[in-house]
Structures are given as C-alpha cells and as structure tokens.
C-alpha cells in the first residue's frame with residue numbers, strides 16, 4: 001500500500017515507536033500521528049492531543065458502524081471471496097452514509 005508524501009497517519013498508543021516515526025518523517029515526509037500514553041517520553045502539546053483524540057474517535061466510530069453491518073459470521077470459501085464480501089460491507093456502509 002502506498003501512502004502519498006506529506007500524509008498524516010493516525011494511530012493509537014499501541015503503535016508508539018519513536019524510531020519509526022522519525023524515519024518516516026525524514027525519508028517519506030509522512031507524519032505518524034500516534035496518541036501518546038501519559039508517561040510518554042515525547043508528550044504532545046494539548047492542542048495536538050485534542051486533534052489526535054478527535055480524529056481517532058471518528059475512525060473508531062466508522063469502524064464500529066461498519067462492523068455493525070457485518071453478519072455474525074462471514075462465510076467465504078476463498079480469501080478472495082472474503083475480501084469481496086468485506087468490500088461489499090464497506091460499500092454498503094458508504095451508501096448508507098450518503099442516504100442519511
């Protein structure tokens with residue numbers, strides 16, 4: 001998967017790796033916007049922490065809404081079939097959002 005230069009990628013505190021953040025910023029001009037833990041060696045400014053929290057809440061809400069469309073079990077015989085069903089759930093979510 002390719003990410004355009006000067007992009008921002010949001011993640012939660014499980015993805016904290018300062019060396020990877022520095023390398024991505026220097027080599028690819030990609031900024032990893034990871035939520036910091038309270039005891040972080042690189043604490044965020046309060047306004048940056050607020051932005052990260054708001055973005056993550058939106059992402060988590062979207063994931064839970066997509067998951068709500070899923071059946072209890074997704075039956076697929078092949079991996080390609082599973083990916084097609086997953087894409088259809090995301091398409092249904094998108095169309096549902098457009099109509100509401």
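Every read-out reported here was derived from the displayed coordinates using simple, explicitly stated rules and does not represent laboratory data. What you are looking at is a predicted structure, and each value in this text was computed from that prediction instead of being measured. Glycine also receives a Cβ, built like all others from the backbone with ideal geometry; neighbour counts cover every protein chain displayed.
Per the helix-only calculation at 222 nm, which mean residue ellipticity applies to the chain, given -39500 (n - 2.57) for every DSSP H run of n ≥ 4 and division by its residues, nearest 500 deg cm²/dmol?
Values: 3 runs with 51 residues, N = 100.
Roughly -17000 deg cm²/dmol at 222 nm, from the helical runs in the chain.
Give the angle, between 0 and 90 degrees and rounded to the nearest 10, that separates the Cα long axis of helix 79-99 from the longest principal axis of the Cα atoms of the chain. Between the helix axis and the principal axis of the chain, the angle is about 80 degrees. Helix 46-69 and the longest principal axis of the C-alpha atoms of the chain enclose an angle of approximately 10°.
A Förster radius of 41 Å, combined with the Cβ-Cβ distance separating residue 45 from residue 2, puts the computed FRET efficiency at roughly 0.85.
Thinking of the chain as a set of Cα atoms, what percent of all their pairs are more than 17 Å apart?
Details: 3233 of 4950 pairs.
So the pairs more than 17 Å apart make up 65 percent of the total in the chain.
Figure the gain on full extension for residue 67 and residue 9 (residue separation times 0.36 nm, minus the Cα-Cα span) and round it to one decimal in nm. Don't skip to the answer; put the middle values down first.
On the way: separation 58, 0.36 × 58 = 20.88 nm, distance 2.15 nm.
Length difference between fully extended and current span is 18.7 nm.
Approximating the spin labels as points 7 Å out from Cα along Cα→Cβ, the residue 22-to-residue 83 distance works out to 3.6 nm.
With a simple spin-label model that places each label point 7 Å from the Cα along the Cα-to-Cβ direction, the separation between residue 55 and residue 96 comes to 2.6 nm.
Defining a contact as two alpha carbons under 8 Å apart and six or more residues distant in sequence, what relative contact order in percent does the chain show? Before the final figure, lay out each step's value.
Numbers: 71 pairs, mean separation 20.7, N = 100.
RCO, the chain: 21 percent.
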